[in-house]
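Peer 1: Here you go, one structure.
Just so it is clear, none of the values below were taken in a lab; they were calculated from the coordinates. Bear in mind that the values here come from a model prediction, so they are computed numbers and not experimental data. Glycine gets a Cβ as well: all are built from the backbone with ideal geometry, and neighbour counts include every protein chain shown.
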Amino acid sequence: MHIPTEPIGSIPRPLELIKAIADGDADAPGLEALYQEAIRDTLARFEDTGSPVVTDGEQRKYHNFWTYCVHGLPNTSPDGFKIPFAAGHVRRMLRLTEGPFRYRRYADSYLEVAMRHTRVPVKQAVISPSALSLMYPAEGLAGYTREQFLEDLLHEHETEVRRCLDMGAHKVQIDFTEGRLAMKLDPSGHLLASFIDLNNLALARFSAADRRRIGVHTCPGGDRDSTHSAEVDYAELLPSLFELKAGNFYVALAGEKDPERVLKIIARHLKPDQRVFVGVVAPIRPEVETPEEVRDRVLQAARYIPLEQLGTTDDCGFSPFCDDISTSRDTAFAKIRARVRGTALAERVLEGR
């Protein structure tokens, strides 16, 4: 019985790279050697864990998983949407100041470099249309309607995902961390519903075969060992989440207070053509899980999720924001190794049952 296991994406950057980025322009020529070494080292360490699927660790995504595609656009301002975290700090989205909306870079540029350095299947994370929709100001923009913006946004997202699929990405993972946050911001559910509708408009542009290689990741956020929406009940998100027309779902679970309750909710709403990768290690917890702990979490999930629809993953990326040093590279890869080995242990138990 094979249970697929995949990472989410980000790995803490080497401290030398973090310092160099903080000291200057992320695209400065002098940084290129540091970027390349960070990518090579990340992929080599991923392979050393035995991970059957790898990522570049988002080493080149400046400054974070959210704004990498729009950072540096001249028609943006840094004073956009705020994301408050439990640790007391705030991250901000860029604000669009005028149309049209265009990406400055597509994620296939990262994928192309990663695939040069490994023969292991590589997945690529991209940001969701719903997250980027928060760039459009509530007061609107002269000469550029929200409808025009959303059409441009959907076109850019489709272009990025297609480029990654065409390049041979094992999976394209759409980061939807704002899903749970939407219920915190608007308990009525209207904001979440609008996010689901927008993301489904994007997913509808792909064939059924494409959607089997597309996934959606949800978590309560992860930055400096804290979250932005862990207090929101998963029951308010998960029924809507599985209405998304994607083939794969990556659901943070290891950090939940009552994972069995969450598994029961997933089991009620998971559709026959969907696979759910449940989180079995918690990146924001400093303790490294043992393979046996991971095994037991997989076996618990297998009591509720059909084995042919079950996979394992990390709850979140280990460093979605590039300046986060709360988790070391060594700890991140130790947790990944535990996930890989623990999943294999669970497979052996399930094969003998």
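Peer 1: Run the Debye formula on the Cα coordinates of segment 1-121, all scatterers equal and no solvent, and tell me log10 I(q)/I(0) at q = 0.13, 0.15 1/Å.
Peer 2: -0.63, -0.82
Peer 1: Taking Cα centroids, how far is segment 209-223 from segment 152-171 in Å?
Peer 2: About 14 Å separates the Cα centre of segment 209-223 from the one of segment 152-171.
Peer 1: Let me ask another. Compute the distance in nm between two label points, each set 7 Å from the Cα along the Cα-to-Cβ direction, one at residue 167 and one at residue 139.
Peer 2: Here the answer is 3.8 nm between the modelled labels.
Peer 1: Report the calculated FRET efficiency for residue 146 and residue 269 (r = Cβ-Cβ distance, R0 = 35 Å), to the nearest 0.05.
Peer 2: Computed FRET efficiency for residue 146 and residue 269 comes out at 0.70.
Peer 1: Then there's this: Looking at segment 15-351, what % of its DSSP beta bridges pair antiparallel, to the nearest 5?
Peer 2: Of those bridges, close to 25 percent are antiparallel.
Peer 1: Another one. Please state the relative contact order of segment 108-176 as a whole percent: Cα pairs under 8 Å, 6+ residues apart?
Peer 2: Normalised by residue count, the contact order of segment 108-176 is 54 percent.
Peer 1: Calculate the dipole size of the chain relative to its Cα centre from +1 charges on Lys and Arg beta carbons and -1 charges on Asp and Glu beta carbons; express the result in debye to the nearest 20.
Peer 2: Rounded to the nearest 20 debye, it is 740 debye.
Peer 1: Going by average Cβ neighbours within 10 Å, how do the peptides 303-312, 120-129 rank, with the highest at the top?
Peer 2: 120-129, 303-312
Peer 1: While we're looking at this one, here's another question. Do any cysteines in the chain lack another Cys Cβ under 4.7 Å, and if so which?
Peer 2: 69, 164, 322
Peer 1: Something else: If I model a spin label at residue 190 and residue 104 as a point 7 Å from the Cα along the Cα→Cβ vector, what separation in nanometres do I get?
Peer 2: 3.4 nm
Peer 1: Please find the FRET efficiency linking residue 207 to residue 290, where r is the Cβ-Cβ separation and R0 is fixed at 51 Å, and quote it to the nearest 0.05.
Peer 2: The value I calculate is 0.80.
Peer 1: Something else now. Nearest 500 deg cm²/dmol is fine: what mean residue ellipticity at 222 nm does the chain get from its DSSP H runs of n ≥ 4 alone, each adding -39,500 (n - 2.57), divided by its residue count?
Peer 2: Value at 222 nm, helices only: -12000 deg cm²/dmol.
Peer 1: Could you sort 56-62, 222-228 so that the peptide with the highest average Cβ count within 10 Å comes first and the rest follow in order?
Peer 2: With the highest mean Cβ count within 10 Å placed first, the list reads 56-62, 222-228.
Peer 1: Which whole-number percent gives the relative contact order of the chain, counting Cα pairs below 8 Å spaced six or more residues apart?
Peer 2: Here the relative contact order equals 22 percent.
Peer 1: Take the alpha carbon atoms of segment 271-322, find their center, do the same for segment 52-103, and report the distance between the two centers in whole angstrom.
Peer 2: 26 Å
Peer 1: Checking the cross-link filter: which lysines have an alpha carbon closer than 21 Å to that of residue 335, excluding same-chain neighbours under 8 positions apart?
Peer 2: Straight-distance partners of residue 335: 123, 257.
Peer 1: Still on this structure, I have one more. Sorted by mean Cβ packing within 10 Å, highest first, what order do the peptides 188-195, 93-100 take?
Peer 2: 93-100, 188-195
Peer 1: If you don't mind, another one. FRET efficiency for residue 260 and residue 325, Cβ-Cβ distance as r, R0 = 45 Å, nearest 0.05?
Peer 2: 0.85
Peer 1: Assign one of three labels to segment 283-353, namely rounded, prolate or oblate, based on the Cα gyration tensor with a ≥ b ≥ c the square roots of its eigenvalues; rounded applies when a/c is under 1.5, prolate when it is not and a/b is larger than b/c, and oblate otherwise.
Peer 2: Because a/c hits 1.5 or more and a/b exceeds b/c, segment 283-353 counts as prolate.
Peer 1: What span do the alpha-carbon atoms of segment 152-220 cover on each of the three principal axes, reported in whole Å from largest to smallest?
Peer 2: Sorted largest first, the three principal extents are 39, 24, 19 Å.
Peer 1: A further question on this structure: On full extension of the chain, what length is gained from residue 155 through residue 16, given 0.36 nm per residue of separation minus the C-alpha to C-alpha distance?
Peer 2: Length gained between residue 155 and residue 16: 46.4 nm.
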